[in-house]
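The values are calculated or read from the model by the stated rules, or taken from the named source; none is laboratory data. Since we're looking at a predicted model, the values are computed, not measured. Here the Cβ positions follow ideal geometry from the backbone for every residue, glycine too, while neighbour counts run over all protein chains shown.
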Amino acid sequence: MSPRTLVEMMAANAAAPRGVHYHAGEGQHRRVTYAELNSRALRLLHQLQQLGARPGDRLILLLNHNEQFIEAFWAAVLGGIVPVPVAIGISDEHRHKLLRIARKLGTPFIFTDRKTLERVGQYAAQAGDAAAAASFAALRPRALLVEDRLDGPAGKVHDSRPEDTAFIQFSSGSTSEPKGVVLTHANLVAHNAAVTRVAGFNADDVSLSWMPLTHDMGLIGFHLVMFANRVEAHLMPTELYVRRPLLWLAIASEQRATILCSPNFGYRHYLKVLGDRSPGSLDLSAVRLIFNGAEPISLELCAEFVDRLAAVGLRREAMYPVYGLAEASLAASFPPPGRPWRALVLNRHALNVGTAAQPVAAPSRDALSFVSVGAPIPGCEVRIAGNDDAALPAGHIGHILIRGSNVTGGYLDEPEVNAATFTADGWLRTGDLGLIADGELYITGRAKEIIFVNGQNYYPHDLENIAIQAPGMELGKVVVAGVRPPGAETDQLTVFVLHRGEAAEFAPLAAAIARLINEQAGLEVAQVVPVKRIPKTTSGKIQRHLLEQQLLDGEFAAELAELARHGGALAAGPEAATGDSIEARLLAICNGVLAPRGISAQDNLFEIGASSLKLIEIHEQIDRDYPGTVDLTELFDYPTVATLAQHLSAKLSRPA
């Protein structure tokens, strides 16, 4: 009989001769058999039960280490405890989000390491937020630390039911209250069976993923689905991929991987680091599927990636565009494996809800290409609906609604949100727009104006709430949008600010807004644009699309040019790094990573918009030159090259 829960799945697989591989670097990897995973998870469960955790309790997983995360996830599942993955992050905003989640969960337990917990505690003590302090005070005695793990007896397994909650996946909102997607054992088992049927996963497959396990693609797609199918699975830390993207396909070649994945930004990162070099002696002929999802799919980038790697055996048909969301337990639609991509070229100006899509010839100024993400997976239905939730004919643009055995029953303790998310007849509103043509789904836009950056979703009102912390700002005077110029492969995070004064007065404000968003959300602001008017509907809703179009049409070119002449925050030029001093070396590192943008020793990394990925790259290079001396979080404390150089110099001068 097929397993009905994750607990039954572990029992069925524990003796299978398969394993999970954890990669730490080139030639550094360790294999943990399913039996070892089960045994270690049960011993960790015993400690959780000794701490007081019982079936139905929630356990926050605040871990960067893949092996620790997987073992803790299964420890919770086997005990009927509900795991709640949360990304650690590197800023205070991530710690603020963690404490908001803890509050929403009631009285959760937490599994993390001592250093991470101490940083959360320091934030709670210094934030001046009574609610944050209270949340941490309640959480601290319910913490199990990685350093305190013991090899004791096995815990008691709980016989979960299919309708029980398996785990809770929280949204990635930055300042709004995060929402917890509740997924049951039945949801996940149905999802596993459906995607296996379409993609043909089997015990001969070998998977490799660098996606974080706090992301549904990482945890569900490349652990739970692979475990269900007894796939030999390889996991690579996300940070390792960011630092050394070429290692990803080197491991794939060495291990004869058949299943890979990456969103758009991952392909761009790989190609950027590869540059004009040959991919070398890789052999990717074993790869049959590279899942491409998590953000809008770029046909041009797909083509560039597979073309660059065709010489080392990567088949064009291996690129596998899919559509999913956490609310669907991950997947909603898959195309047939091994088939060439399908695409529609539509008029970018005729994508309104309820209208028939208008095909146009490419190339054309009005042409916009959309790739097919296949048909709904078995057991999941997809409906294209108008604003009234009624189904639209094939070929019409509308809201994408889903329902099925893999679809969540709702968000944790969010009755109002749930009422707004589900239609009267039980369909879940995804917030995405699209159409169905020849039985296949095409994603055309985002009803809620979600901004896609580096494979994550960001909401404009979240970022606007950060921007209004700048002096003189308030809601209604600032608009955040994702602007995608023709030919670009991703959104450019753009901030429009109501300003009727001189450019010289605006430059410091632009710098402050860019710094705030960078510090609090880890995002790189492409432009801060002064505007004389913010267009709104008669009901007062901001019309972001009009500002985006005006920018693309060049209507703000004169204002941006004037701002640059007055030293606009995002128009800094590089300062040459000379000499052998620590400051000169740090400046060379930063300018190398941030090219073509450059900085001076006095520039604040957050004001000039260094993204989280850039900060990780900068830290990695600093660590190569000065091993173990500077912690990544210290870049927040010393955000200029000058101050960081002084701090580093002081550290190096201390007696060993």
I'm trying to understand the selection: among the residues of region 457-510, which are among the acidic types (Asp, Glu) and modelled with pLDDT under 80? ASP462, GLU474, GLU489, ASP491
Output the number of residues of region 265-307 satisfying the condition of being under 17 Å from PHE334 (Cα atoms) and either in the same structural domain as PRO335 (by TED's automatic domain parsing) or not in a loop (DSSP other than H, G, I, E, B) (or both). 6
So, of the residues in region 11-68 that are basic (Lys, Arg) and part of a loop (DSSP other than H, G, I, E, B), which turns out to be farthest from SER207 (Cα to Cα)? ARG54
Flagged in region 204-220 as under 21 Å from ALA16 (Cβ atoms) and of a type in the set (S, T, N, Q), in numbering order, are SER207, SER209
So, LEU240, is that one over 21 Å from ALA331 (Cα atoms) and touching a residue at least 60 places away in the same chain (Cβ under 8 Å) or not? yes
Picking from LEU289, LEU309, LEU330, LEU301, the residue that is surrounded by 18 or more Cβ atoms within 10 Å (Cβ to Cβ), within 19 Å of VAL206 (Cβ to Cβ) and touching a helix residue (DSSP H, G or I) at 6+ places or on another chain (Cβ under 7 Å) would be LEU289
If only one of VAL345, VAL353 is surrounded by 15 or more Cβ atoms within 10 Å (Cβ to Cβ), touching a strand residue (DSSP E or B) at 6+ places or on another chain (Cβ under 7 Å) and outside any loop (DSSP other than H, G, I, E, B), which one is it? VAL345
Does region 50-62 contain at least one residue that is closer than 27 Å to GLU239 by Cβ and either over 26 Å from the mean Cα position of the chain (by Cα) or of a type in the set (Asp, Glu) (or both)? no
Single unsatisfied condition, ARG230 versus (1) within 19 Å of GLY200 (Cβ to Cβ); (2) in contact with a Ser or Thr (Cβ under 9 Å, 6 or more places away or on another chain): (2)
PHE222 - would you say it is in contact with a Phe, Trp or Tyr (Cβ under 8 Å, 6 or more places away or on another chain) and not aliphatic (A, V, I, L, M)? no
With the requirement that a residue be among the β-branched types (Val, Ile, Thr), touching a residue at least 60 places away in the same chain (Cβ under 8 Å) and closer than 17 Å to ILE90 by Cα, what does region 607-644 give you? ILE616, THR633
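Per-residue answers, yes or no, for (1) assigned by TED's automatic domain parsing to the domain that holds LEU144; (2) more than 15 Å from LEU139 (Cβ to Cβ); (3) in contact with a helix residue (DSSP H, G or I) (Cβ under 9 Å, 6 or more places away or on another chain):
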{"residue": "GLN49", "(1), (2), (3)": "yes, yes, no"}
{"residue": "PRO55", "(1), (2), (3)": "yes, yes, no"}
{"residue": "ILE60", "(1), (2), (3)": "yes, no, yes"}
{"residue": "ALA72", "(1), (2), (3)": "yes, yes, yes"}
{"residue": "ALA76", "(1), (2), (3)": "yes, yes, yes"}
{"residue": "PRO83", "(1), (2), (3)": "yes, yes, yes"}
{"residue": "ALA87", "(1), (2), (3)": "yes, yes, yes"}
{"residue": "ILE90", "(1), (2), (3)": "yes, yes, yes"}
I need every pair where a residue in region 284-313 that is closer than 24 Å to LEU325 by Cβ has its Cβ under 6 Å from the Cβ of a residue that is at pLDDT below 95 and in a loop (DSSP other than H, G, I, E, B), sequence separation at least 6 or different chains. ALA294/PRO263; ALA294/GLY455; GLU295/PRO263; GLU295/GLY455; SER298/GLU489; LEU301/GLU489
Quick one: which helices (runs of 4 or more DSSP H) lie wholly within region 176-259 and hold at least 1 residues that are of a type in the set (Lys, Arg) and over 26 Å from MET9 (Cα atoms)? 238-243
Flagged pairs (Cβ under 6 angstrom, 6 or more apart or on separate chains; first in region 174-190, more than 24 Å from ASP159 (Cβ to Cβ) and modelled with pLDDT under 95; second among the small types (Gly, Ala, Ser) and surrounded by fewer than 21 Cβ atoms within 10 Å (Cβ to Cβ)) are PRO178/SER171; LYS179/SER171
